Amino acid sequence: MTFDRSIKIAPSILSADFAAFGAECEAIEAQGADWVHVDVMDGHFVPNITFGPAMCAAIRPHIKGVMDVHLMISPVDAYIEAFAKAGADIISVHPEAGPHTHRTLQAIRAAGARPGLAINPGTGLADVEYMLDLVDLVCVMTVNPGFGGQKFIHSQVAKVAALRKMIGDRPVHIEIDGGVTPETAPMVAAAGADVLVAGSAVFKGGSVADPAPYGANIRAIRTAAHRAQVAA
Ligand code: DX5
Ligand code: ZN
């Protein structure tokens, strides 16, 4: 994984067919996905339950590229090792999920994965400022975490621009998660984001049996974001 700020599309398998995760991962990569985004939810930190480390280990052989694991769980520390062993390349955690995020980020690196920080729409940048030297990625949530298919929260675009300035020359990705479409992607790309998570906007209209729409959806988001990034 070399660092660059080119636009990367990370489909969230939260919108995939839950009975066919392996085949879905292969289909989205074949259709041009850069990373595979895996949303882990516990029914406690967020009001929804998805899957855990065993599922991540099961899909790992079906992913050639980056497995980007977004932990929406509290507490988190006891599970870091398991997700790293399951083959996560990136493990992102929420500062809202516990009091010792600084330590958690170090534990992720020590376990052999790359640490990311994900922040809710109501959380300010003060919560990431003193951890920027510990992370490879900051994920700005543009919906309240828990469900796919929610509406993009526009107030977060200014946060992305401020974060971009705060990051400066550090090799830290800015990831956007929630409500990303060809219409919303240009705003965050212009503000400095380079990794775009998209669930419903990638999986809509397609299936494992008919994956071509995945490719068209990925290209539509990438093209719109790339144009805005170049123009900014
Ligand atoms: C929300 C998840 C997102 C979500 C994105 O809690 O973290 O990754 O699946 O889904 P869309 O793109 O449909 O908003
Ligand atoms: Zn996510």
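Structure values in brief
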quantity: Max mean-square fluctuation residue, GNM over the chain, Cα-Cα springs under 10 Å, options G65, G32, G116; calculated: G65
quantity: Gain on full stretching of the segment that runs from D210 to D127 - 0.36 nm per residue minus C-alpha separation; calculated: 25.6 nm
quantity: Per DSSP, loop chymotrypsin sites (Phe, Trp or Tyr not before Pro) in segment 17-114 with at most 15 further Cβ within 10 Å; calculated: F18
quantity: Per-residue SASA entry for C25, accessible area with 1.4 Å probe, Å² rounded to 10; calculated: 0 Å²
quantity: Space enclosed by the convex hull of the alpha-carbon atoms of the chain, per residue, Å³; calculated: 108 Å³
quantity: Within the chain, helix-based [θ] at 222 nm, where runs of 4 or more DSSP H residues each add -39,500 (n - 2.57), nearest 500; calculated: -9500 deg cm²/dmol
quantity: Cα-based shape type of segment 12-123, given that a ≥ b ≥ c are square roots of the gyration tensor eigenvalues and the cut on a/c is 1.5; calculated: prolate
quantity: Solvent accessible area, Å² - T50, 1.4 Å probe, full protein context; calculated: 30 Å²
quantity: By accessible area with a 1.4 Å probe, ligands and nucleic acids excluded, highest first: order of H62, H226; calculated: H226, H62
quantity: Long pairs among K85/K151; K8/K165; K151/K204; K8/K159; K8/K204, criterion Cα-Cα beyond 25 Å; calculated: K85/K151
quantity: Label point at R5 placed 7 Å out along Cα→Cβ; residues across segment 172-202 whose backbone nitrogen lies under 17 Å; calculated: 172-176, 186-196
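The values are calculated or read from the model by the stated rules, or taken from the named source; none is laboratory data. Just so it is clear, the model here is predicted, and its values are computed rather than measured. Using ideal geometry, Cβ is built from the backbone for each residue, glycine included, and neighbour counts are taken over all protein chains shown. These accessible areas exclude ligands, DNA and RNA; they are computed on the full protein's heavy atoms, side chains included. Shrake-Rupley method; radii C 1.70, N 1.55, O 1.52, S 1.80 Å.
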